[in-house]
Amino acid sequence: MMHMSHHTEGTTMTKAPRSSEAGRVIPLREAPQRGMSAPRIRTKPDMGSIEERYGGRSFRATWRANGRRENRSFTTYEEARDFLNAMAINIRQGGVPIAVSKSRTRFEDFARHWLACETKDRSKKESILKNHLVPAFGRKPIGQITRREVQDWINRVQRDAAVECEVCDALQTELGDDDARCRRHKGRKPPSPRSIKDHYVMLSQVMRAAEREGYLLNGCPVGKGLHTFPDVDKRMVILNDYQADHLLEVAAEQFPAELAMVHLDSHTGLRLGELVALSREQYDGSSLLIDRAFKRSGIVGKTKTGRVRCVTLDDCCKRVLNEHLAGLDPEQRLIFPAVGGGMLIPTNWRKRVWYPLVEAAGLGHMGLHIHDLRHTHCSNLLAAGWEVTAVAERLGHASTKMTLDVYAHPLAGRQAALLAEKGLRPQAPGL
């Protein structure tokens, strides 16, 4: 430290360095004592301010949230600056300032608050929250969930599911019993890769909402940098005319009681939950009014998109449906009731009817699902020249964009196959 000398009336006075009571020299940037104010950093972030404390060993970021003064300490100035700048970006995108008290809210409490505002797939999200997310993060403060904890949870779930699948496959092979897997899990299978991805997607939705509402003190723990999920999206299966007709022929021979349901699905593209919930009041002899659907929770509610639509039937479909209704009890209000007369359970119907039907038709190698009849119907309509708006309205899509995004690639492949059958090749536009 440099000494400063002052000359006064011929005498030399030297200003002594600052020292403690023990004679130790105190640096100018040493930690302030109690009652002393710390210097302010002149360079400010986009919002709030940063205060240097304890000789540069700590930096306190200060901002206002809900009319209250909030602060948080960091070890470096850059961390404090990045924290405030990220909060400013979140506010510009419609979020709110972070409140430290909010970050102590339990994950389960905020997730249920978020779920109460959701309208799409409520029953599915309630099941994921109850059975998967709450056991993993329920009692933990939402602001303390880190990226490492999320990554460990993903790894653990995937590892446990893989082990359970190996055990079930070995048990099924040893006993020669197809139901061994279900009995081991009391009717519930280990989560598939697609299900695990759905669980992570819902966790991401909850954490993004918490970030927008100012609950996350340490930033959002989901997003880029986490485990990359494999491509688990199911390949869409589009049946050609021969395969679709053959499937209906086998249904008429081996499952005559279920022919009307399979025929109606292949000619209208209704979702399975909408088929199960159909009642006589929805059929006027020429069209179906689709305003309800069977949900995963076992209740009948709104359709997937919440929209009401009218689906017109062709002559063949009306004939098959009228013959089916003529064979039912007049007091039965459901069009496709269960064997005992109550509501048909989709899971049981797939196991009892659909999977044996697909195998009998020789289509088991394709991995055909009942929903693929809906894909086939939509593809046929687009290939026949229907306008996208009409197809989206008939199938109950939320928008025409969804129709184009889902079916543009399969339709292009089908057009190429049709051209190949005629000995033609698709040409580039303008040729």
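The values are calculated or read from the model by the stated rules, or taken from the named source; none is laboratory data. This is a predicted model, so every value here is computed, not measured. Note: ideal-geometry Cβ built from the backbone for every residue, glycine included; neighbour counts use all protein chains shown.
Data table
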read-out	value
Qualifying residue in segment 329-338 (condition: without any contact (Cβ under 8 Å) to a residue 12 or more places away in the chain and either crowded, with 16+ Cβ neighbours inside 10 Å or closer than 30 Å to E126 by Cα (or both))	yes
Filter pass, W386 being within 20 Å of A251 (Cβ to Cβ), assigned by TED's automatic domain parsing to the domain that holds L270 and either at pLDDT below 90 or surrounded by 13 or more Cβ atoms within 10 Å (Cβ to Cβ) (or both)	no
R307 of a type in the set (D, E, K, R), exposed (fewer than 14 other Cβ atoms within 10 Å of the Cβ) and either in contact with a strand residue (DSSP E or B) (Cβ under 8 Å, 6 or more places away or on another chain) or at pLDDT below 90 (or both)	yes
Helices (runs of 4 or more DSSP H) fully within segment 104-166 counting 3 or more residues that are surrounded by 18 or more Cβ atoms within 10 Å (Cβ to Cβ)	107-116
Hits in segment 278-302 (condition: of a type in the set (A, V, I, L, M), buried (at least 18 other Cβ atoms within 10 Å of the Cβ) and touching a residue at least 40 places away in the same chain (Cβ under 8 Å))	L278, I290
Matching residues, segment 317-328, being surrounded by 12 or more Cβ atoms within 10 Å (Cβ to Cβ) and in contact (Cβ under 8 Å) with a residue 40 or more places away in the chain	C317, V320, L321, H324, L325
